[in-house]
Structures are given as structure tokens and as C-alpha cells.
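Since the structure comes first, as C-alpha cells, the remarks are kept for the end.
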Amino acid sequence: MTSISQPNKAFTISRFLVDDKPAGFLLSLVAGFVDTSAFIILFGIFTAHVTGNIALAGASFVDEEEESTLTRLLMIPVFMLTVAMTSLLAKYARRKQWPIFAVLLTAEAIALLCFLIVSASLTPALIIDVQEEYIFPIGMSGVVAMGIQNTLMKEAKVFKSYIPTTVMTGNTTQLTIDLVQLIGAKFSSGAQAEQEAAESWERISRYLPVIVGFASGGIAAAFLIFVSESWWTLIFPVMIITTLAIAAYVHHFSQPSES
């Protein structure tokens, strides 16, 4: 006779944290926090939404700011290289049968810690003398961390469906479409309308926490930076991702077993 052992408290908590909605909220919170922090202190550089740097590079080019243009453009190959390396790490972890989500979260936590150290070390000099030689290493370390998170959402494959946690344009578009469909279904009748309403609400319940998380992270970063005037506020994203990584390991190695 076989029986399934009851999950312990650690497994229950970890299972909750790595579920779609809590994990999506926390990851987008981190992305919003990091992107806003970098944009404020680095005078307009995106770390999560790196394609925005192309537009900023164009503006810098028109203003004949060659060094600023180059710094922003270099964020693109840095991001691409990070994605490539993270993808290789995910493939290696998959071959070794390691918990991919936990491994990539660990890599992001390390990258965020490096971002924090580099930022805290160079910001005092940056405030005194705004030079690209200070802006580039800070921005690059932030882009690396967010590049890992972008790749994590594709490679980990622990979520029901892929939802970006670093760029909200597509998420907001999908949320709006689903709201329109949900409202339209509510004013209709029949089985098809009920099905459309259920499908819309299911997608809304997954997209909304991500959007709210990103906005909350941005607001929190702006508030804490203006209050503390310190890069040490980046300890909060490090703590969040580290907690998620621990939860992912616990969830993987504490799966209830049959006895």
C-alpha cells in the first residue's frame, strides 16, 4: 500500500513563492526597481528595457554627445552576450538535471549583488564628475542582471505561459485586449460568451500582477532613492531574488514523495 507524505511548511511556502503570480509579481518588482534606479542615477539609461537605449542614443547623437551615444549603444551587445551566456548555462543545467529556475535565479542574485557593489563604489565619483567611464560599468552590470532575468523567463519553463517581467508594453496591450473581451462577454449570453469571459479573466489574473509589480518597483525605487540618495537601496532586489532562489531550491528538493 502506498501513501503520499504531506508536504512540510517549507515546501508549502516555496511552492507558493515560485507559483506564476507571486513569482511574476516579485520578478517584475525587481525589474521595475532596477530599471528606475538606473534611469534616475545614470541620467537616462535603461537596464531592463534595453531597446529604449537606442532611442536615447539617437537623441545623444543629435546633441553631438559621442561618448553618451556609444555608452547607450554598447548596452545592446552586452545584453545579447548576457542572454547567450545565460542560455548556455540553462542548457548545461538541463543536461545535469539541475533545477534550472533556481540556478538562473542564483546567477541573477550574484549579478544584482555585483550591480550593487559597482554602483555603490562608483556613484560618489559619478556625482562629483559625470563621466561615461563611471556610467558605463554601472549600466553594464545592471544590464547583465536584467539580461539574465529576461532569459530566465524563456529558459526556466516553470510558468504556465511566457510573460515578460522586464518590459510592460506587450503586457499592457494584452491586458487591455482581455479587458475589452471580458466586458464584451459580460454583455453577451451563451456558452461562447462564458468561455471568452473565463479565458479573459484567466489571462488578466496572470498579467495584472506583473504590471502592478513593475509599477510598484518603479515607484519604490524613485521614493527610496530620493529619500536615501544612495545606491544601497539596491539591496532590496538582491534580497528578493535570493529569497526566490532559495524557494526554488527548496521546492525542487522537497517535492513530496510517495512512500
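Structural remarks
- The listed residue being of a type in the set (Asp, Glu) and touching a residue at least 60 places away in the same chain (Cβ under 8 Å), out of Glu194, Glu155, Glu202: Glu155
- From the list Thr82, Thr69, the lone residue that is in contact with a helix residue (DSSP H, G or I) (Cβ under 6 Å, 6 or more places away or on another chain), crowded, with 22+ Cβ neighbours inside 10 Å and within 21 Å of Ala48 (Cβ to Cβ) is Thr82.
- Residue count for region 92-105 satisfying the condition of being part of a helix (DSSP H, G or I), surrounded by 12 or more Cβ atoms within 10 Å (Cβ to Cβ) and of a type outside the set (A, V, I, L, M, F, W, C): 2.
- Close pairs from region 37-64: first surrounded by fewer than 22 Cβ atoms within 10 Å (Cβ to Cβ) and charged (D, E, K, R), partner at pLDDT below 70 and not in a loop (DSSP other than H, G, I, E, B), Cβ under 7 Å, at least 6 apart: none
- Taking the criterion of being without any contact (Cβ under 8 Å) to a residue 60 or more places away in the chain and among the polar types (S, T, N, Q), the only residue of region 211-241 that qualifies is Ser228.
The values are calculated or read from the model by the stated rules, or taken from the named source; none is laboratory data. The model shown is predicted, which means the values in this text are computed figures rather than measured ones. Here Cβ is always computed from backbone atoms with ideal geometry, including for glycine, and neighbour counts include all displayed protein chains.
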